Amino acid sequence: MQVFKNYELHLKKNIVKMIFQKEITLPSFPRGFHLITDYIIEFLPNRSGILHVFIQHTSASLTINENADPSVREDFETHFNQLVPESASHFLHTLEGPDDMTSHIKSSLLGSSVSVPVQQGRLLLGTWQGIYLCEHRNHGGSRKLVITVVGE
């Protein structure tokens with residue numbers, strides 16, 4: 001029984017060493033799609049494994065997409081505004097304004113997290129890829145992310 005407890009303790013210590021986690025706060029961004037890759041890189045440890053980025057909000061989202069041409073971000077905003085228009089009259093959840101429920105829907109469509117392989121603290125994104133904050137509110141304020149790296 002003692003051998004099992006020692007092994008269990010050994011596993012717990014090693015698993016804890018394999019996990020890095022940090023909460024970061026992004027500054028306030030205007031409504032739209034914003035590259036935040038550099039904000040995340042700033043906090044990455046020198047490890048290899050998988051980075052998981054989670055946003056702690058229901059009216060903003062995360063995605064990975066092209067980082068070269070700024071018109072991609074404008075097209076995203078235009079498309080999502082047409083897909084989920086604030087002018088629709090069927091929304092009930094509008095206490096915080098016409099962008100309230102539409103922001104929740106857009107966030108659900110894109111998702112609250114992304115995962116990226118990491119090698120020695122370097123994101124293994126494709127040549128034209130970046131991590132986006134998708135701010136769906138007109139005045140969203142600062143946003144909190146939890147970044148987790150699982151690996152050695």
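Read the figures in this text as sums done on the coordinates, not as results from a lab. What you see is a predicted model, and the numbers here were worked out from it, not measured in a lab. For neighbour counting, all protein chains shown are included, and Cβ atoms are generated from backbone atoms with ideal geometry for every residue, glycine included.
Add +1 for every Lys or Arg and -1 for every Asp or Glu among the other residues with Cβ under 15 Å from the Cβ of Leu95, and state the total. Spell out each step's value before the answer.
On the way: positive: Arg137; negative: Glu86, Glu96, Asp99, Asp100.
Charge balance in the 15 Å sphere: -3.
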Under a Cβ-only charge scheme (Lys and Arg +1, Asp and Glu -1), can you give me the dipole magnitude of the chain about the Cα centre, in debye to the nearest 20?
900
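R0 = 22 Å: FRET efficiency of Ser108 with Ser71, Cβ-based, nearest 0.05? Walk me through the numbers on the way to the answer.
Numbers: r = 25 Å, r/R0 = 1.15.
Given R0 = 22 Å and the Cβ-Cβ separation, E is 0.30.
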How far is helix 100-110 tilted off the main Cα axis of the chain, in degrees rounded to 10, range 0 to 90?
50
May I ask for the angle, rounded to the nearest 10°, between helix 2-18 and the longest principal axis of the chain, with both axes built from Cα atoms and the value confined to 0 to 90°?
40
For the chain, radius of gyration divided by Kirkwood radius, i.e. Rg to Rh on alpha-carbons
1.10
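Test of understanding: what is the full-extension gain from Lys5 to Ser115, defined as 0.36 nm times their sequence separation minus their Cα-Cα distance?
Details: separation 110, 0.36 × 110 = 39.60 nm, distance 3.36 nm.
Stretched fully, the Lys5-Ser115 segment lengthens by 36.2 nm.
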With θ taken as phi - 60° and the coefficients 6.51, -1.76 and 1.60, list the Karplus ³J(HN,Hα) couplings across region 118-129 in order, rounded to whole Hz; mark glycine and proline as x.
10, 10, 6, x, 10, 5, 9, 6, x, 3, 10, 9
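How charged is the neighbourhood of Phe33? Take every other residue with its Cβ under 10 Å from the Cβ of Phe33, and add Lys/Arg as +1 and Asp/Glu as -1. Mind dumping the intermediate values first?
Numbers: positive: Arg31, Arg73; negative: Glu74, Asp75, Glu77, Glu135.
With Lys, Arg at +1 and Asp, Glu at -1, the net is -2.
Can you give the FRET efficiency to the nearest 0.05 for Glu96 and Met18, using r as the Cβ-Cβ distance and R₀ = 35 Å?
Working: r = 40 Å, r/R0 = 1.15.
That gives a FRET efficiency of 0.30.
So what is the relative contact order of region 46-152, in percent, for Cα pairs below 8 Å that sit 6 or more residues apart? Intermediate values should be presented prior to the final figure.
Working: 182 pairs, mean separation 60.0, N = 107.
The normalised contact order for region 46-152 reaches 56 percent.
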Before rounding to the nearest 500, sum -39500 (n - 2.57) across all DSSP H runs of length at least 4 in the chain and divide by the residue total; then give [θ] at 222 nm in deg cm²/dmol.
-9500 deg cm²/dmol
Cα centroid of region 134-149 to Cα centroid of region 30-59, whole Å:
9
